[in-house]
Each structure stands twice: as C-alpha cells, then as structure tokens.
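Read the structure below first, then the notes.
The values are calculated or read from the model by the stated rules, or taken from the named source; none is laboratory data. These numbers were taken from a predicted model, which means no experiment stands behind them. Glycine also receives a Cβ, built like all others from the backbone with ideal geometry; neighbour counts cover every protein chain displayed.
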Amino acid sequence: MKIEQLSNERDMLLKAKREHYAVGAFNFSSIEIMRAIVDAAEAAHSPVILALSEGGLKYAEPRYIRHVVGVVSEMSNAPVALHLDHGKNIDIVREVIDLGFNSVMIDGSSLPYDENIAVTKEVVKYAHKRGVVVEGELGVLAGVEDDVHSDVHKYTDPEQAVDFVKKTGVDSLAIAIGTSHGAYKFSGEAKLRIDILKNINSLLPEVPLVLHGASSVPQNFVKTINEYGGKIEGAKGVPEEEIRESCRNGISKVNCDTDLRLAFTATIRKYLVENPTIFDPRKYLQACKDAMRDFVIDKMTNVLLSANKA
C-alpha cells in the first residue's frame, strides 16, 4: 500500500542535480528523531528523505513506521520521501515496498560485480512495477554503520558505473569517492576524490549520484559527550566544505546518520548531568529533539544547500 502523500524521490533528486544542491537522507529509528528531521525540513523549506536501515527497521518495527510516516507526510508542508537505506536482504526490500516505502536502496556493493548487477536488477524489476524508485551502489566504503561494515575502500570506476546503470536500470547510484561509515572516518587528512565524481557525473548526466558515509562528526558534539562521561576519542568526519563541493559537482543525495546520533547522545548526557532531579522523559527527549532539529537546519542551509528548495 503506497503512502500517497510521500514525494517522488527521483523527482527530488533530479531537481537537486540540475540546481547543484543535495537532498539530505537522514536516518531515524524513533519518533523523536523523525520529528526533528521533518520539523527542520519545514523550517528550512527543504525537501527531505527519511531513511531507515535494516537495523533501524528491526528496532522501530516497519508497520508502525509506515503509519507514522504516512501521517507525518500528510501533515508536513515539506516534500518527504521514505527510503530503505542499505537494503541487503531482498525479502526485507520487498516487504518495505509492499508496506508503502517509495524508495529503496539495494546494496550489493560487497558482491562480485556480476552478482551486484543481478540482485540490483531483480529489485528494480519488482520496485518499478509498484512505482518505487531504486538506489544501487557501486564501490566499497570502509567503516561501520549498523550491519554495514568493511575494512577496505574501493573507489567507484566511472566506466563501470555507466555499465552498471545501463544493465540494472537503477534510478540513482551511490558511489565511493573517499567517504567512510561511522564516527571514525579518517586517521589523517580527509580528502574526497572530486575528480572521480566529476568524471562519473559527466558520463551519467541524467542519473542522481549519492554520497554515503558523509557525516561531518561535529566536534562540539564529540567534546560534549566526552565532557559528560562518554569516551569517543579521535572521532573525525568529512569536512563540510568537501561535502559542499560534492553537491556542486553532481551529488544529489547525501546520507547522514552518525551526526544525529552524536547530537542526541551529547544532549542527553549533558541534560541528565545538569538536571539530576529530572526523570520525565519528555523533558530530556525534547532537548534532544531541539538539538537534532537545529543541526539538520544548519546542515540543509550551509552544507547541502537545499534550504528554500521545497
């Protein structure tokens, strides 16, 4: 059952590609996080993609998510799409399509090339019959996020990207140009391969390109977590200027998960230490929601350049 109020993600991303900005795909696993994301999109007048990983689905329960997002999208004045992030299990991909998700990612990037094509093509066939758009992935990102992990990084080959899109029929393509999953992205200087991005973009001018592993890991959140009892040492993300440069050169969708986790954790740690008598969850969850909303507004406005594009 399709959620009629959801916006078409492919249309969102094609507009973003034409106008040189990116739509943020923000992962959520609770109502507080989802509300923060949608409230930010409304405040920034920005399109937004609500994303759930397979781990997020397991935690949040797909049937609840489908109905809650349906209500939110109906009430919101911002364009909202609902996306499965890093779908590796085809049965789960089919399940969320049938539940009403209008965008899915099939992640066969860890498979041999021919197998990646085969599994992606199978999902595209199933999804397109039901009006659902599909994101594929080519190349490998190092790092860890939920059940997605790799010790190696493999840049996307531009010529292979063309072949992959042609053979699978995907609506958008996640590429590897130097980003990494998780909070510990780089040990040295972070540098994205904008030259590879430009090459792929020139070869696939009508295909939206996607950047995973692009959290900037704001150091103010890391500092607060550590000051209030946490232990996140050496965490380092993608510099915001690198992300902006990617948006200007063909990236139409940027995924963000780690930064929201950091904002939530920093806020709740600080709040509970500074307010030891408070035991009403509404108090500290409201503070967390406000912090995440403000972060997303800033991200949309100053990094993704999607503010006032709704």
## Note on the structure
Here the residues within region 52-100 that are touching a residue at least 60 places away in the same chain (Cβ under 8 Å) and hydrophobic (A, V, I, L, M, F, W, C) are Val69, Ala78, Val80, Ala81, Leu82, Leu99
### Message
I'm told Phe101 meets every condition in (1) hydrophobic (A, V, I, L, M, F, W, C); (2) within 29 Å of His67 (Cβ to Cβ); (3) surrounded by fewer than 24 Cβ atoms within 10 Å (Cβ to Cβ) except one. Can you identify the failing condition by its number?
### Response
(3)
### Task
Output the residue which, of all residues in region 55-81 that are closer than 27 Å to Leu14 by Cβ and among the charged types (D, E, K, R), is modelled with the lowest pLDDT.
Arg66
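Is at least one residue of region 166-175 part of a loop (DSSP other than H, G, I, E, B), of a type outside the set (A, V, I, L, M, F, W, C), over 20 Å from the mean Cα position of the chain (by Cα) and modelled with pLDDT of 75 or more? Break it down into steps so the answer makes sense when it comes.
Keep residues of region 166-175 that are part of a loop (DSSP other than H, G, I, E, B), which gives 169-171.
Filter again for of a type outside the set (A, V, I, L, M, F, W, C), leaving 169, 171.
Still in the list and also over 20 Å from the mean Cα position of the chain (by Cα): 169.
So of that shortlist, the ones also modelled with pLDDT of 75 or more come out as 169.
Scanning region 166-175, I find at least one residue that is part of a loop (DSSP other than H, G, I, E, B), of a type outside the set (A, V, I, L, M, F, W, C), over 20 Å from the mean Cα position of the chain (by Cα) and modelled with pLDDT of 75 or more, so the answer is yes.
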### Task
Select from region 30-78 the residues that are under 15 Å from Ser7 (Cβ atoms) and acidic (Asp, Glu) and list them in ascending order.
Glu42, Glu74
#### Entry: Among the residues listed as Asn255, Asn308, the single one being assigned to a strand (DSSP E or B) and out of contact with any helix residue (DSSP H, G or I) (no Cβ under 7 Å at 6 or more places or on another chain)
Asn255
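So if I check each of Thr224, Thr301, Thr258, Thr265, which one is touching a Lys or Arg at 6+ places or on another chain (Cβ under 6 Å) and not aromatic (Phe, Trp, Tyr)? Outline the logic, then answer.
On the way: Thr301 fails: touching a Lys or Arg at 6+ places or on another chain (Cβ under 6 Å); Thr258 fails: touching a Lys or Arg at 6+ places or on another chain (Cβ under 6 Å); Thr265 fails: touching a Lys or Arg at 6+ places or on another chain (Cβ under 6 Å).
None of the other options fit; the residue is Thr224.
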### Task
Check Glu242 against each of (1) modelled with pLDDT under 95; (2) over 30 Å from Thr267 (Cβ atoms); (3) assigned to a helix (DSSP H, G or I) and name the one condition it does not meet.
(2)
### Query
When you go through (1) assigned to a loop (DSSP other than H, G, I, E, B); (2) surrounded by fewer than 19 Cβ atoms within 10 Å (Cβ to Cβ); (3) within 19 Å of the chain's Cα centre (by Cα) one by one for Ser215, which number turns out not to apply?
(2)
### Task
Go through the residues of region 267-288 one by one and say whether even a single one is within 30 Å of Thr179 (Cα to Cα), at pLDDT below 95 and β-branched (Val, Ile, Thr).
no
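Can you find a residue in region 268-290 that is farther than 20 Å from Asp39 by Cβ, of a type in the set (A, V, I, L, M), in a loop (DSSP other than H, G, I, E, B) and without any contact (Cβ under 8 Å) to a residue 40 or more places away in the chain?
Applying the first criterion (farther than 20 Å from Asp39 by Cβ) to region 268-290 yields 269-270, 272-280.
Right, trim to of a type in the set (A, V, I, L, M) and you get 272-273, 278.
If we keep only those that are in a loop (DSSP other than H, G, I, E, B) too, we end up with 278.
Filter once more, so that each one left must be without any contact (Cβ under 8 Å) to a residue 40 or more places away in the chain: 278.
Looking through region 268-290, at least one residue is farther than 20 Å from Asp39 by Cβ, of a type in the set (A, V, I, L, M), in a loop (DSSP other than H, G, I, E, B) and without any contact (Cβ under 8 Å) to a residue 40 or more places away in the chain.
Does Ser76 qualify as being under 17 Å from the mean Cα position of the chain (by Cα) and of a type outside the set (Val, Ile, Thr)? I'd like the intermediate steps shown before the answer.
Details: under 17 Å from the mean Cα position of the chain (by Cα): no; of a type outside the set (Val, Ile, Thr): yes.
No, not satisfied.
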